[in-house]
Amino acid sequence: MGHALDGTRWRFFARYVGRCAAACGGPPRSCGHRKLRWRSLALRAFAVLLCALLAAPATADDAPNELSLLIWTEYLDPEVIAEFEAAHNVRIKRTYFESDDARDRIVQEVEGHGFDLALVNDVMVGPYAKRGWLAPIDKNAIPNLSHIGARWLSAYPSVETFGVPYFWGTLGIAYRRDLVKGPVSSWLDLFRPDESLRGRIIMIYDSRDTIGMALRALGHSVNSTDPEHLAEAGRLLEEQKPFVRSYSYVSLSETSGLVTGEFWMSMIYNGDAYLLKNYNENIEFIVPKEGTNLWTDYFVVFKTSPRKELAFKFLNFLSEPAISARLAQYLHYATPNLSAQKFLPPDFLTDPLIYPPPEVVARSETYAALPAQTTKARNAIFARLTH
Amino acid sequence: MRLRTQILSLLIPLVVLPLLVLGTVAYRELQTISERQTLTQMATLLNQISLQMRAELRAAAAHIQVMAKSKLVERYALTEDAEQRLLLLQPALLDQFKAFQKTEPAFYEIRLLLTDGSEDLRSVLTPLPNATEMEGGTPLFEAIRDFDGEVYSSFGWNPDTGLPALFIATPLYIADRTEDPLQAQPKLRGYLVFTKSLVTLADQAMNGRIGEQGALIFSDQDGRIFFHTDTERAGQWLPPALFTQLRTVADASPNASHSLRDDDDVFEARRIHGTLYAFAQLPSKELLAASRWLGLIVACITLGAMVVTTALVFTFLNVTLVRSIRRLSEAANEFGRGNLTVPVPTTERGEIGELAQAFREMADNLLRSGEQIRYLAYHDGLTGLPNRSRFSEYLDHALAFQRRRGGMLALMFLDLDNFKRVNDSLGHAVGDQLLQEVARRLRRCLRGEDFVSPVPNEPAGQLLARLGGDEFTICLPSVSSPHDASGAARRILDAIAQPIVIGHHELHVTVSIGVTMYPNDGESAEALIKNADMAMYSAKEQGKGNFQFYSQGMHAAALERLALERRLRIAIERHEFRLDYQPIVDLGTGYLVGTEALLRWDHPEAGTISPGQFIPLAEETGLIVPLGEWVIRAAAAQLREWQRAGLPPVFVAINVSAVQITRSRLDQVLLSVLAETGIDPHLLHLELTETSIVAAGDDAVAVLDRLRAIGLRLALDDFGTGYSSLRYARDLPIDALKIDRSFVQDIAVDDSDEAIVTAILGMGESLGLRVIAEGIETRHQLEFLRQRGCQLGQGYLFSRPVAAALVPALARTRLIGDEERVLTMLPPPRDTKPPRRRVS
């Protein structure tokens, strides 16, 4: 245990140094910048568009050794990046999004142009591919795919052709044990919170997660197409709205509202909860008893990318078992890279926060492609919720 | 007709008629203007609304076009795959629409319809029910589909809400960019439809008040009411006939409104849009009501103007003319009634003012002269005291007052003693001054506050009045006993007794006062005055300078006097008078030279009455005049008879009183007597006392001159008893002096009287006057007179007065020496003269 703690401390330190370095030269990781981005979707979209319009040609012509990556925050180990950059004399340019929905908006704005790589959640790989944005994965260029569990390679439509699994995880509730009264065990603790939580809750800006978990809280499938279920879920979300401070992903920095106590409860992905827990031990993460969503993130390569080979090299690099294990430990997420497990300590592999126990998995669902009417209804619910 | 009525009946039509005409014309003009204005206002309102709606429509069209041209919409519309569209693009598009709707909340619904009419996207700000997601068969969709243009717009009913809305739609014609841009034709991909709430229109309808009962109505092209000022009528249908009319009118020209009148209402109709009509409705009644109200106002103003003008004219006339005239006439009426103190208006100028001034002066003059008259009527000019009239009035009041009270009242009657003598001797001017002084003292005597009561109705005060001559009366109404009155009387006596200096004369005057008490001495004013007068006489008889209360005895004496007076008159008629003659003897020879005729009244019952008893009464009553005339005639006749009988020429001396000198034409009588008898005038001697000459006044001397001119001889009787004997003796045209008997009788008794007699004799001698001594009764007196050179004398020593028949015998006899014998033949002697008088 002591060793594990030591290791954690070291990682903290290393990440802190790395973040400082990144703040100087690389993409912004400071709290202020991030907040600004989170706050304004439109501004962010505009910024990205500018990036795409101005930077993309630059990467294509003037900077052939730059790889443009659209990715979540805190979802890569800077050291790993640095290693790859050093090895291939390339710069990894990262563009961040806060949620899958936000990413979809970025990508659709530019119709897939301007990025080489993106991290896409499971069910969205299909539509991305269908839209014609993605390039098929050259499996020959990524021999390390062999380390990845087969079930992830074909878990969702099109992923076999277009996706390289990265990590998988769950969705749950992070809360301040010291501030929230009573035990938190149900999604309803989040959606119908105690009065003391008014304005203390933070939700993910993602229609699939918010509506899906509301459905789940009500005992329905996260993929329910029943308009009644959806309407019910919509009402539940409307009820919750007064308690929600913001529909945006919680900050993962030391100054996160959850750490400072500004927010008491948040919908969160398990690995991120782990991260925040390191800042404040009062932060507790649970997977509600109703079950949750089991998700998998895939790397995709854009059809328009002029550096597909480099992209594949990068994906191959990330899929190396040792690298994968380093990333998993850094990010506190479960890796689909089976070979990486031998690089991981046992307590990591048995950590229920990272690897949900079977009963949790049994209660949980993966997202599925939905019919148009359901999507339309969800769009309407979410639009109303966030406006 | 009265002046005011006349002027008003002339002026009011002049004022009223133009005002009425003006009012009527103004009413008609204002009515037309008001109606036109109302309609104009309605039209203006509709025009404003129309402009506003068109602006809104333009803005909406601009919005929808901008939105339709946005890349996102284009990409969205181009994305035929529903999953891609909905999953990848719709959230972003919804964001875009919501962002727009947040800034323009009136666009509460934004939809994207596919070409078949299915609703692919719907963005609403607030949860709204959705009637259908398949719009394919709806009239709106058909209209949009059939519309050939850029932006479709229509006002209609939102099936989702059942409320009016503005629908803006634009077809999305987009060419596929994946095709050759030169070849690709824009293809209809769907429709963007905005639904806009008509809040502004609803506000207009609700607040756009047309008059009180009017309404602002918005309807669709079929006559269904979108909005109505009466909110309950929203959604209902306008009466089809009316709507058809209105619509026809409104359709006539789309850029202007037109008015329409039906039986009940006035409308202004305006087509704002092919699917939106606006109508302003005003009940005709109200339009007329406005006019009626206007009419009422005009009528009120006209009426008010008439009233004000009339009132002004009326007031002006009143103030300037009528009131002044009326006041003047009222004042004149008051003058007529005798009230001269009525104030006459003085504010006016011009003719009225002059008239008022004249009135005022007239009133003042009348007042002044009236006061003077009243003063003169009630006051004595000399002393300023109330006069007899005033006193009578006052006394009546005072008596009435005391009668009611049961109180007492004292009345004093005052008479100055010997005032006549003062007047005779010192002149009237002195007499007047004396009276004034007496009046002053009397005033002072009476207590200050009550000596005079100028107010007749206030009988509590005392009143001093001058009845005339030297008579004063005083009324003391507030006495409680005769004692009070006697106190007052004493005060008066003391006050008057103080010497009075007038010029160089120091006069000693006394007054006699008679007092009567009400109610004891009389009930009426007349009786009280009479009795007071009587008491005053009594005081005089008591020796003057005192006061007497009235008593019943006085009344008896007065009655006696009255009886005497009556008898005296009768006696004159009945010739009950006769003359006795007392011889006047030449003291040297002892023979009779003349006689003094002495009047005797042989009363049938009372016997002979002495002259002292009736002569004063006869003088007082004026009976002395006929009596005196009788005496003259009787004496003259007797003298003639004696002469005829051959008697030596003896003269007859007749006593003449002052009254005779002044009142009768004495000289005429004497002339006629002389003529009738033919006797020698020298034989008629008239004897006058100094007092009577003084009393007769200034004329006396003239009368005497005339008598002497006739040839009569005059003798001054009772000489020595007067006050200025010497002056009279020298100045009067007389021939003889008769020494008063009082002096003669005191010879050998009183030395001073002897001296007086001697002086008179000397004076007579030096003045060439004969001196006759009266009342010689003794030899000693005779001898004394003889020695002193007295030539003539009369008295008992020689003869008593005798009947005329005896005179011839006496004339032949020497009367000195043997008088004893003669005397015994005669009746016992009676005194022929009143007692000696002295001025007190």
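Here B:Phe419 sits with roughly 20 square angstrom of accessible surface, probe radius 1.4 Å.
Computed 3J(HN,Hα) for the range B:137-147, one whole-Hz value per residue from the Karplus formula 6.51 cos²θ - 1.76 cosθ + 1.60 where θ = phi - 60°, is x, 6, x, 4, 4, 4, 5, 5, 5, 7, 6, glycine and proline marked x. The residues of the range B:260-368 have, on average, 56 Å² of accessible surface per residue, using a 1.4 Å probe with all protein chains present. With all projection directions averaged, the alpha carbon convex hull of the range B:93-241 covers 11.4 nm². Cβ-Cβ distance of B:Ala748 and B:Ser369, R₀ of 45 Å, FRET efficiency by 1/(1 + (r/R0)^6): the value works out to about 0.05.
By the Stokes-Einstein formula, at 0.890 mPa s and 25 °C, the range B:580-663 with its Kirkwood radius over alpha-carbon pairs has D equal to 173 µm²/s. Exposed loop sites here mean trypsin sites (Lys or Arg not before Pro) with a DSSP loop assignment and at most 16 other beta-carbon atoms within 10 Å; chain B contains its longest site-free run at B:666-811.
Using heavy atoms of the protein chains and a probe of 1.4 Å, the accessible area assigned to B:Val16 is about 30 Å².
Cβ-Cβ distance of B:Asp264 and B:Thr24, R₀ of 35 Å, FRET efficiency by 1/(1 + (r/R0)^6): the value works out to about 0.80.
Determine the order of A:Met203, B:Met554 by accessible area, beginning with the largest, at a probe radius of 1.4 Å.
Details: A:Met203 0, B:Met554 25 Å².
Listed by decreasing accessible area, they come as B:Met554, A:Met203.
When you filter the GluC sites (Glu not before Pro) in the range B:150-230 for DSSP loop state and at most 11 other Cβ atoms inside 10 Å of their Cβ, you are left with B:Glu179, B:Glu212.
Between B:Arg491 and B:Glu641, the contour length at 0.36 nm per residue exceeds the alpha carbon distance by 47.9 nm.
Here the protein assembly as shown carries DSSP beta bridges of which approximately 75% are antiparallel, counting only pairs with both residues inside.
Taking all protein chains as they are arranged and a probe of 1.4 Å, the heavy atoms of B:Asp751 leave approximately 120 Å² accessible to solvent.
In Å², nearest 100, what accessible area do chains B and A bury in total when the solvent probe is 1.4 Å?
Numbers: alone 40860 and 16070 Å², together 54780 Å².
That pair hides around 2200 Å² of surface in total.
Computed over the Cα atoms of the protein assembly as shown, what is the ratio Rg over Rh, Rh following Kirkwood? So for the protein assembly as shown, dividing Rg by the Kirkwood Rh gives 1.72.
What's the magnitude of the charge dipole for the range A:179-265 around its Cα centre, counting Lys and Arg as +1 and Asp and Glu as -1 at the beta-carbon? Answer in Debye, nearest 20.
Numbers: 9 positive and 12 negative charges, 31 e Å.
Roughly 140 debye, rounded to the nearest 20.
Modelled spin-label separation between B:Ile297 and B:Lys71, with each label point placed 7 Å from Cα along the Cα-to-Cβ direction: 6.5 nm. Spin-label model, B:Glu765 to B:Arg209: label points 7 Å out along the Cα-to-beta-carbon direction sit 14.6 nm apart. Based on DSSP, what percent of beta bridges with both residues in chain B are antiparallel, to the nearest 5? Expressed as a percentage, antiparallel bridges in chain B total about 80.
Beyond 29 Å in Cα-Cα separation lie the following of the pairs A:Lys308/B:Lys98; A:Lys139/A:Lys376; A:Lys376/B:Lys71; A:Lys130/B:Lys102; A:Lys93/A:Lys241; A:Lys130/A:Lys313: A:Lys308/B:Lys98; A:Lys139/A:Lys376; A:Lys130/B:Lys102; A:Lys93/A:Lys241. Rounded to the nearest Hz, the phi-derived 3J(HN,Hα) couplings of the range A:333-350 under the Karplus curve 6.51 cos²θ - 1.76 cosθ + 1.60 (θ = phi - 60°) are 10, 7, 9, x, 6, 5, 5, 6, 4, 6, 8, 9, x, x, 5, 5, 5, 9, where x marks glycine and proline. May I ask you to derive the FRET efficiency for B:Ala252 and B:Thr103 from their Cβ-Cβ distance with R0 = 45 Å, giving the value to the nearest 0.05? That pair, B:Ala252 with B:Thr103, gives E of 0.70. More than 21 Å apart: what percent of Cα pairs in the range B:236-328 qualify? Considering the range B:236-328, 59 percent of its Cα-Cα pairs are separated by more than 21 Å.
Taking loop as defined by DSSP and a crowding limit of 10 other beta carbons within 10 Å, which GluC sites (Glu not before Pro) in the range A:261-300 fit?
On the way: sites: A:Glu262, A:Glu281, A:Glu284, A:Glu290; in loops: A:Glu262, A:Glu281, A:Glu290.
The qualifying sites are A:Glu281.
Distances between placed amide hydrogens fall under 5 Å for B:Glu777 paired with B:Leu797, all partners being 5 or more residues away or on another chain. For the range B:723-765, the residues whose backbone nitrogen is under 13 Å from a point 7 Å from the Cα of B:His780, taken along Cα to Cβ, are B:745-751, B:754. The largest accessible area among B:Met306, A:Met267, B:Met362 belongs to the first residue in B:Met362, B:Met306, A:Met267, and the rest follow in falling order (1.4 Å probe, all chains). When the other protein chains are added to the chain by itself, burial of at least 30 square angstrom of heavy-atom accessible area (probe 1.4 Å, ligands and nucleic acids ignored) affects these residues of the range B:112-156: B:Pro127, B:Glu133. Multiplying the residue separation of B:Arg224 and B:Thr40 by 0.36 nm and subtracting their alpha-carbon distance yields 63.7 nm. The contact residues of the range B:73-107, meaning those that lose at least 50 Å² of 1.4 Å-probe accessible area when all protein chains sit together rather than their chain alone, are B:Arg75, B:Glu83, B:Gln84, B:Leu86, B:Leu87, B:Leu88, B:Asp95, B:Lys98.
Taking every pair of distinct Cα atoms and averaging 1/r, then inverting, what Kirkwood hydrodynamic radius in Å comes out for chain B? One decimal place: 41.0 Å for the Kirkwood radius.
Report the gain in length on full extension from B:Thr231 to B:Leu355: 0.36 nm times residue separation, minus Cα-Cα distance, nm rounded to one decimal. Please list the in-between numbers first.
Working: separation 124, 0.36 × 124 = 44.64 nm, distance 7.86 nm.
Result: 36.8 nm gained on full extension.
The values are calculated or read from the model by the stated rules, or taken from the named source; none is laboratory data. Being a predicted model, the structure only gives us computed values, none of them experimental. Here the Cβ is made from the backbone with ideal geometry for all residues, glycine too, and neighbour counts use every protein chain on show. Areas reflect the complete protein model, heavy atoms only, side chains present, ligands, DNA and RNA absent. Shrake-Rupley method; radii C 1.70, N 1.55, O 1.52, S 1.80 Å.
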